[in-house]
Structure formats: structure tokens, C-alpha cells
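In what follows, a single structure is set out as C-alpha cells and then discussed.
The values are calculated or read from the model by the stated rules, or taken from the named source; none is laboratory data. Remember, it's a predicted structure, so these values are computed and weren't measured experimentally. Note that each Cβ is placed from the backbone with ideal geometry, even for glycine, and that neighbours are counted across all protein chains shown. These accessible areas exclude ligands, DNA and RNA; they are computed on the full protein's heavy atoms, side chains included. Shrake-Rupley method; radii C 1.70, N 1.55, O 1.52, S 1.80 Å.
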Amino acid sequence: MSHEIQGVLFDLDGTLIDTHDLILSSFRHATREVLGREFPDEVLMQKVGQPLVVQMWDFADDDATHELLVRTYREHNHSVHDAMVHTFPQVKEVLEALSAEGCPMGVVTSKRHALAQRALDVLGIASNFKFLVGPDDYPAHKPDPGPVEHGCDLLGLRPETCLYVGDSPFDMQAGNGAGCVTVAATWGMFPPEVLAAEGPDFTLASISELPALLARL
């Protein structure tokens, strides 16, 4: 490990785990069941990376509809979650290698804590992380830098000594705002040009490139 970079924080969905089809399926189900409408996939997915309760306000005009959309999404998502969630290639190997080197790591996600923890457990990668921060663990959410700053605090490190790896513009905004070194994960849900517009410090095409980046820093 570098003397400058001492810890790594990760986003979850689109960064460590591939949940694109799970999320899209859940959005399609909820909007179809509650609103009786079909939306283009890009509309359904445009704010992935923020908490679900924030995203659903794009499809609701009142509290009751919003609550029903969220509940319908979550019921479907939970029912198919374990069968549809997967790690991206090389995630397990990279996490285990970094753990073996003594690199402290945590997860800062917009997914609620219990379901995020379930994904880490189901996929067998939970033991690599010291903690998980979800939107129900901290009063602000990405793109606010607060959750990422909190993650740095939990690692016991200054933000400038931490990488934050994420696949959404909200991740880059939060990581940059916190003062972390930001790494754009282009294997996730957002196009490289969307991430580049947020000014990440580094851009990787595969998580397998992360150990070499850490060795350089």
C-alpha cells in the first residue's frame, strides 16, 4: 500500500455488484403496477446512485403514490434479489488481494443498509469490509459529501488519504466534495463521458486495474 493512499471506500451497485437488470426489472414492475405506464429504460435508470425514495419522486406527484411506488418496487426487488445479484468480474479476487495487503476498506452506498448487507453476504464479500454506510445510517445522501466523509471517519483516515470508487456522477460529486481521491468505474451503469464530466482523479475500465493504481499512488 502507498504511504499516501491508506484506505479505499467503494460504492456498491454498479461498482462492486451488478444489479442493473435487478434495478430495471424492479422499476418496470413498480411503474407498471402502480401507474399503469411504461417508461423508457433511460428514464427509469437516470438517477440510479441516489436513494430509491429520491428517485421515485420523478414518477409521483403525491405522498400516497410515492409510498406505493417505493413499496411495490421493494417487494419485487426483495423477491428476486438473491437470484439476480452478481459481483462484477474480478471483484472477489481484487478485494481479497487488498485485504491480504492490509488495506482497510468500507462501503458507502445509497442502498438501504439491510439489503446492501444482504448482497455482500450472499455474494461472499462482506468480510473484506470494516463497515457499510447506507442512507439510513447517515442523515445526508450522495451527492452530498457527508456519507463519504463519514466513511473516512470510520476508517480513521483523512479524506485525502482515501480513494472513493464509484460508477455514478453522484459518487464522483460526493467523493470530490469530501476531498477524497476519486476513481470512476466505467464498468457500471453510467457512460464514461458522464463520469468524466464530474472530474474524477482516475478512470478505470475494470476493477482488476485497481491494485496497480494503488501501487502507483
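Would you tell me the accessible area of T72, worked out with a 1.4 angstrom probe on the heavy atoms of the protein chains, in Å² to the nearest 10?
Using a 1.4 Å probe on the heavy atoms, I get roughly 20 Å².
With a 10 Å cut-off between alpha carbons and a GNM built on the chain, which of L35, L24, L157 moves the most?
The residue that fluctuates most here is L35.
Would you mind checking the tilt of helix 169-178 against the longest principal axis of the Cα atoms of the chain, expressed as 0 to 90 degrees and rounded to 10?
Approximately 50 degrees, to the nearest 10.
Note the direction-averaged projected area, equal to a quarter of the hull surface, for the Cα convex hull of segment 131-185, in nm².
Across all orientations, segment 131-185 yields a mean hull projection of 3.2 nm².
Would you mind counting up the charge near L16? Only other residues with Cβ under 10 Å from its Cβ, with Lys and Arg at +1 and Asp and Glu at -1.
-3
What are the residues whose amide H is under 5 Å from the amide H of T203, where those residues sit 5 or more places off or on another chain and H is modelled from the backbone?
Hits under the 5 Å cutoff: A184.
If we count every other residue with Cβ under 15 angstrom of R28's Cβ, Lys/Arg +1 and Asp/Glu -1, where does the sum land?
For residues surrounding R28, the net value is -4.
So what does the Cα-only Debye profile of segment 92-217 read at q = 0.20 Å⁻¹, as log10 I(q)/I(0), no solvent term?
Result of the Debye calculation: -1.29.
Ordering D62, D167 by how much accessible area each has at a 1.4 Å probe, largest first, what is the list?
Accessible-area ranking of D62, D167, largest first: D62, D167.
Relative to the first principal axis of the alpha-carbon coordinates of the chain, what is the inclination of helix 113-122, with its axis defined by its Cα atoms, in degrees from 0 to 90 and to the nearest 10?
Tilt relative to the chain: about 70 degrees.
Under the rule of -39500 (n - 2.57) per DSSP H run of 4 or more residues, summed and divided by the residues of the chain, what mean residue ellipticity at 222 nm is obtained, to the nearest 500 deg cm²/dmol?
Roughly -13000 deg cm²/dmol at 222 nm, from the helical runs in the chain.
Taking only Cα atoms and a 10 Å spring cutoff, compute GNM fluctuations for the chain and point out the largest among S26, S79, S110.
Highest fluctuation of the listed residues: S79.
In the chain, what is the count of Lys pairs whose alpha carbons are under 19 Å apart, counting only pairs at least 8 residues apart or on separate chains?
5
With angles folded into 0 to 90 degrees, how steeply does helix 91-100 sit against the dominant principal axis of the chain? Use alpha carbons for both and round to 10.
40
Evaluate the Debye formula for segment 1-160 with equal point scatterers sitting on the alpha carbons, no solvent, and hand back log10 of I(q)/I(0) at q = 0.13, 0.14, 0.16, 0.17 Å⁻¹, in q order, two decimals.
-0.65, -0.74, -0.92, -1.02
Share of the chain's accessible area from carbon and sulfur, percent, 1.4 Å?
49
I need to check one value: relative contact order of segment 22-174, counting alpha carbon pairs closer than 8 Å and at least 6 residues apart, in percent.
So the answer I get is 22 percent.
Starting from the exponent 0.38 and prefactor 2.2 Å, build the expected Rg for segment 1-64 from its residue count and divide its actual Cα Rg by it. Don't skip to the end; give the middle numbers.
Working: Rg = 16.1 Å, N = 64, 2.2 N^0.38 = 10.7 Å.
For segment 1-64, the normalised Cα radius of gyration comes out at 1.51.
About the Cα centre, and with charges only on the beta carbon of Lys, Arg (+1) and Asp, Glu (-1), how big is the dipole of segment 1-147? Nearest 20 debye, please.
Rounded to the nearest 20 debye, it is 200 debye.
Can you work out the accessible area per residue across the chain, with the rest of the protein chains kept in place, probe 1.4 Å, in square angstrom?
With all protein chains present, the chain gives 43 Å² per residue.
Would you tally the net charge around K142, using a Cβ to Cβ cut-off of less than 10 Å, leaving K142 out, and scoring K and R as +1, D and E as -1?
Once positives and negatives cancel, what remains is -3.
Out of the DSSP beta bridges found with both residues in the chain, what percent are antiparallel (nearest 5)? Don't skip to the end; give the middle numbers.
Working: 2 of 20 bridges.
Around 10 percent of the beta bridges assigned by DSSP in the chain are antiparallel ones.
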